[in-house]
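Notes to accompany the following structure.
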Amino acid sequence: MIDKPPFFVHVPKTAGTSIVSAIKHKLKFNFPENYTGKGPAHYPLFIFERYNDLSKYFIFAVVRNPFTRAFSYYKHFLHVTGSRVSFEDFLDHVRRKRQIILNYYDSPNLVSDKTPFIVYSQSFYIYNSKGKMGLDKMYRYENIAELESDTEVELPVLNEGSYPREDYDRCYSQTNIDLVRHIYLEDFINLNYSMDFV
């Protein structure tokens, strides 16, 4: 049971839409003044700290196995863009785009209704301005029932990927496995996920 108002750090592609839909009446959202989005912004914890005193909130996030998260992001990318790019080309794009996004981060356009940080690791979102994991609790996508128990709500299934398991296995060549290990190395380490492909 959560005994303080919850503050949700929404890591992209970790069931955040379902969480917000189910417990938005309980969630505390404070956004930068010029934020125009309708839901929780995909901003990292250290950005929220600039605009909020978070000491009185229960700060939580959901994290996910980097292999399944990367593939979910890929399928989302295909759906949104209508692209037919291969998974390998997509992962290479993510790897290269991280530097471009870093340049954007250094610009005055940081606060917007877009998601400038979607290519970053999950660790990027959950560390505070002191370089420490700033959550009161970290839930796992693979054990979402724990969050349901703590919030006393049943989470709906929204925006769930509809790809077959064979598609996932086929796309994960050894090259792509190694690319995900390289791109999201900090998540495998910080979030205690095995680097063995699943």
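Restricting to the range 17-59, give me the number of residues that are open to solvent by 20 Å² or more (accessible area, probe 1.4 Å), at pLDDT 70 or above and over 21 Å from residue 2 (Cβ atoms).
4
Mind counting the residues in the range 63-101 that are closer than 15 Å to residue 120 by Cβ, hydrophobic (A, V, I, L, M, F, W, C) and modelled with pLDDT of 90 or more?
3
Could you identify the single residue in 155, 147 that is open to solvent by less than 30 Å² (accessible area, probe 1.4 Å), modelled with pLDDT of 70 or more and in a loop (DSSP other than H, G, I, E, B)? Please lay out each step first, then the result.
Values: 147 fails: in a loop (DSSP other than H, G, I, E, B).
Matching residue, one of 155, 147: 155.
Within the range 103-119, is there a residue that is modelled with pLDDT of 85 or more, touching a helix residue (DSSP H, G or I) at 6+ places or on another chain (Cβ under 9 Å) and open to solvent by less than 70 Å² (accessible area, probe 1.4 Å)? Steps first, please.
Going through the range 103-119, the residues modelled with pLDDT of 85 or more turn out to be none.
Scanning the range 103-119, I find no residue that is modelled with pLDDT of 85 or more, touching a helix residue (DSSP H, G or I) at 6+ places or on another chain (Cβ under 9 Å) and open to solvent by less than 70 Å² (accessible area, probe 1.4 Å), so the answer is no.
Confirm whether residue 173 is at pLDDT 95 or above and of a type in the set (Ser, Thr, Tyr).
Yes, satisfied.
If we keep just the residues of the range 121-144 that are free of Cβ contacts under 8 Å to residues at least 60 places away in the same chain and in a loop (DSSP other than H, G, I, E, B), which is least open to solvent (accessible area, probe 1.4 Å)?
If we take residues in the range 121-144 being free of Cβ contacts under 8 Å to residues at least 60 places away in the same chain and in a loop (DSSP other than H, G, I, E, B), then 131 is least open to solvent (accessible area, probe 1.4 Å).
The values are calculated or read from the model by the stated rules, or taken from the named source; none is laboratory data. Keep in mind that this is a model prediction, so the values were computed, not measured. When we count neighbours, we look across all protein chains shown, and the Cβ atoms used for this are built from the backbone with ideal geometry, even at glycine. Only protein heavy atoms, including side chains, enter the accessible area calculation; ligands, DNA and RNA are left aside. Shrake-Rupley method; radii C 1.70, N 1.55, O 1.52, S 1.80 Å.
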